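The values are calculated or read from the model by the stated rules, or taken from the named source; none is laboratory data. Treat the numbers as computed from the prediction; the structure is a model and nothing was measured. All Cβ positions, even for glycine, are placed from backbone atoms using ideal geometry, and neighbour counts span all protein chains on display. Ligands, DNA and RNA are stripped out before the accessible areas are found, and what is left, the full protein with its side chains, is counted by its heavy atoms. Shrake-Rupley method; radii C 1.70, N 1.55, O 1.52, S 1.80 Å.
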Amino acid sequence: NSTSDLHQFISQGDIMHANGLSYNQELDVIAVSVNFYSEVWFIDHSTTTEQAKTSNGGNYNKGGDLIYRFGNPSTYGSVNQQIFDFNHHPSFINNGSNFSLLIFNNNNKAGISKAMEFSLPNFNEIIDFETNPNLIFEYSNEDMYFPRVGGAVRLPNGNTLICEGDYG
């Protein structure tokens with residue numbers, strides 16, 4: 001099995017396939033869904049171009065380094081359990097005193113997709129990438145599966161809208 005067998009986009013040079021992002025203005029943080037890594041990466045939006053060349057600076061003093069990541073610990077050598085199996089559409093949710101992240105997990109190996117919400121750590125604290133966030137909401141249904149596109153958003157009335165789809 002060559003690497004290009006994972007997805008047709010890899011053979012075209014798309015080795016990460018970042019497929020969604022969400023900006024949280026209050027935290028000044030961007031969450032990026034990195035589909036082929038089955039992870040979500042969090043970056044400090046306040047970091048300048050010069051600071052991004054280093055590991056210092058910005059609101060969270062990480063420079064160009066990730067301030068947090070989760071979903072597939074094997075990408076950085078951890079033995080913790082993998083959470084995502086291809087993911088899409090991260091969205092921040094303000095829960096009053098803290099923030100959470102809602103995301104669509106295609107869950108290709110299991111063949112049943114999930115909408116999942118995780119409480120997020122305080123990005124001002126030193127965060128160990130070995131610490132997975134707590135799952136606080138999950139929805140799945142045996143008829144809800146598509147291996148390509150999907151998303152979930154929290155509506156103003158508190159309901160969660162879940163969408164799945166194909167190319168185009």
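The numbered conditions (1) open to solvent by 50 Å² or more (accessible area, probe 1.4 Å); (2) under 19 Å from Asn19 (Cα atoms) are all true for Asn141 except (2). Residues that are modelled with pLDDT under 95, surrounded by 14 or more Cβ atoms within 10 Å (Cβ to Cβ), touching a Ser or Thr at 6+ places or on another chain (Cβ under 6 Å) and not aromatic (Phe, Trp, Tyr) within the range 1-38 comprise Ile10, Asn19, Gly20, listed in sequence order.
Residues that are within 17 Å of Ser38 (Cα to Cα) and not aliphatic (A, V, I, L, M): does the range 153-160 have at least one?
The answer is no, given that none of the residues of the range 153-160 is within 17 Å of Ser38 (Cα to Cα) and not aliphatic (A, V, I, L, M).
In this entry, Phe123 is excluded by the filter for residues that are within 22 Å of His17 (Cβ to Cβ), open to solvent by less than 50 Å² (accessible area, probe 1.4 Å) and either at pLDDT 90 or above or out of contact with any Leu (no Cβ under 7 Å at 6 or more places or on another chain) (or both). So is Pro147 modelled with pLDDT of 90 or more and surrounded by 11 or more Cβ atoms within 10 Å (Cβ to Cβ) or not? Here the answer is no, as Pro147 does not meet what is asked. Tell me whether the range 87-102 contains one or more residues that are surrounded by fewer than 16 Cβ atoms within 10 Å (Cβ to Cβ) and touching a residue at least 60 places away in the same chain (Cβ under 8 Å). Looking through the range 87-102, at least one residue is surrounded by fewer than 16 Cβ atoms within 10 Å (Cβ to Cβ) and touching a residue at least 60 places away in the same chain (Cβ under 8 Å). Say we look at the range 85-132 and pick out the residues that are more than 16 Å from Phe42 (Cβ to Cβ) and of a type in the set (Ser, Thr, Tyr); which of these is nearest to the chain's Cα centre (by Cα)? Applying the filter and picking the extreme gives Ser113. Taking the range 47-84 as the range and being at positive phi, open to solvent by 20 Å² or more (accessible area, probe 1.4 Å) and within 20 Å of the chain's Cα centre (by Cα) as the test, only Gly77 passes. Close Cβ contacts (under 8 Å, 6 or more residues apart or on different chains) running from residues in the range 15-33 that are over 23 Å from Val149 (Cα atoms) to residues that are of a type in the set (S, T, N, Q) and open to solvent by 70 Å² or more (accessible area, probe 1.4 Å) comprise Glu26/Asn94; Asp28/Asn59.
Using the structure shown, decide if Phe42 is surrounded by 15 or more Cβ atoms within 10 Å (Cβ to Cβ), within 16 Å of Tyr76 (Cβ to Cβ) and at pLDDT 90 or above.
When the stated conditions are applied, Phe42 passes them.
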